[in-house]
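What follows is one structure encoded as structure tokens, with my remarks underneath.
The values are calculated or read from the model by the stated rules, or taken from the named source; none is laboratory data. This structure is a prediction, so every number in the text was calculated from the model and none was measured. Counting neighbours? That spans all protein chains shown, and the Cβs are built from the backbone with ideal geometry, glycine included.
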Amino acid sequence: MDSKRIIEHIVNWLKDYSSHSKTNGFVIGISGGIDSALTSTLCALTSKKVIVLNLPIKQNKTEFERSREHINWLMSSFNNVETYTVDLTNTLESIEKSLPINVQDQLTMANTRSRLRMSTLYAFAGHNKLLVAGTGNKVEDFGIGFFTKYGDGGVDLSPIADLYKTEVYQLASSLGVLNSILSAKPTDGLFEDGRSDEDQIGASYPELEWAMEYNSKNDTSNLTERQKDVLKIYSTWHHQNKHKVEPIPVCLIPIKLKK
């Protein structure tokens with residue numbers, strides 16, 4: 001993979017998109033993970049205005065510190081980056097007090113966290129005439145739909161959504177992203193126990209990338225039991241989350257019924 005040329009391609013794409021949309025730059029939520037670290041660095045390389053937000057909500061301390069470390073690195077490396085920390089813990093607690101307790105299961109409230117962050121990103125974006133840059137990679141956005149609908153999936157553009165996770169690591173490493181982020185287990189940061197993506201999905205990103213590329217028409221007799229398990233995991237996630245990846249279904253009314 002030609003990391004240098006891919007980086008140049010993405011940066012130019014970002015600049016062109018912002019210019020054509022007559023916006024001033026980008027806003028990105030920093031999670032302490034590799035995807036937001038790469039996305040924010042690519043946006044910073046455009047020389048356009050970049051706002052990076054640290055948005056803790058009852059956050060795991062390690063995740064918060066990694067976010068802060070990356071933001072400090074960005075600020076020392078680029079003069080077009082500014083940052084804000086917006087603690088949304090009280091906001092979530094207010095919602096928890098308002099919602100009936102019987103709808104507050106763990107996944108529902110994790111997705112609520114993500115949607116709070118999306119609303120905050122758009123507040124900064126609207127006020128500063130910026131685009132919300134998505135941080136989803138190819139497996140998350142188009143393979144298994146591992147994102148919150150109208151949460152971290154609510155963005156204006158997706159600069160790294162055609163990159164596999166392993167490719168994200170390659171680009172981030174070539175750009176000098178901090179080792180604390182490169183070596184951290186991927187996590188969505190939506191659960192207080194700090195569970196990793198692999199804990200939730202049941203397979204690693206390299207395994208999911210293999211499954212995404214695998215031709216299901218091929219003979220599966222030579223696959224290992226683990227490979228068969230991974231294919232099943234991938235297929236289950238892919239089909240149950242198709243509603244996230246595909247356009248919102250529209251009920252089309254036959255012309256004859258409108259006459």
Q | Residues satisfying the stated conditions in the stretch 33-43, i.e. within 10 Å of Leu14 (Cβ to Cβ) and either part of a strand (DSSP E or B) or among the hydrophobic types (A, V, I, L, M, F, W, C) (or both) | A | Leu42, Cys43
Q) Of (1) on the phi < 0 side of the Ramachandran plot; (2) under 16 Å from the mean Cα position of the chain (by Cα), Ile10 satisfies all except one. Which? A) (2)
Q.
Could you tell me how many of the residues in the stretch 222-259 are more than 27 Å from the chain's Cα centre (by Cα) and in a loop (DSSP other than H, G, I, E, B)?
A. 8
Q | Tally of residues being within 12 Å of the chain's Cα centre (by Cα) and within 25 Å of Ser235 (Cβ to Cβ) across the stretch 151-162 | A | 6
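Among Leu121, Leu116, which is the only one that is among the hydrophobic types (A, V, I, L, M, F, W, C), more than 10 Å from the chain's Cα centre (by Cα), assigned to a helix (DSSP H, G or I) and crowded, with 23+ Cβ neighbours inside 10 Å?
Checking each option against the conditions leaves just Leu121.
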**Q.** Selection from the stretch 84-117 of residues that are closer than 15 Å to Ile28 by Cα and either in contact with a Lys or Arg (Cβ under 7 Å, 6 or more places away or on another chain) or in contact (Cβ under 8 Å) with a residue 40 or more places away in the chain (or both)
**A.** Tyr84, Ser114, Leu116, Arg117
Q | When residues of the stretch 56-88 are limited to those that are modelled with pLDDT of 95 or more and polar (S, T, N, Q), the one surrounded by the most Cβ atoms within 10 Å (Cβ to Cβ) | A | Thr83
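Identify the residue in the stretch 44-55 that is β-branched (Val, Ile, Thr) and in a strand (DSSP E or B) and, among all such residues, is surrounded by the fewest Cβ atoms within 10 Å (Cβ to Cβ).
Going through the qualifying residues, I end up with Ile51.
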Q) Do you know which of the residues in the stretch 132-183 that are out of contact with any Phe, Trp or Tyr (no Cβ under 8 Å at 6 or more places or on another chain), closer than 19 Å to Val52 by Cβ and among the polar types (S, T, N, Q) is surrounded by the fewest Cβ atoms within 10 Å (Cβ to Cβ)? A) Ser180
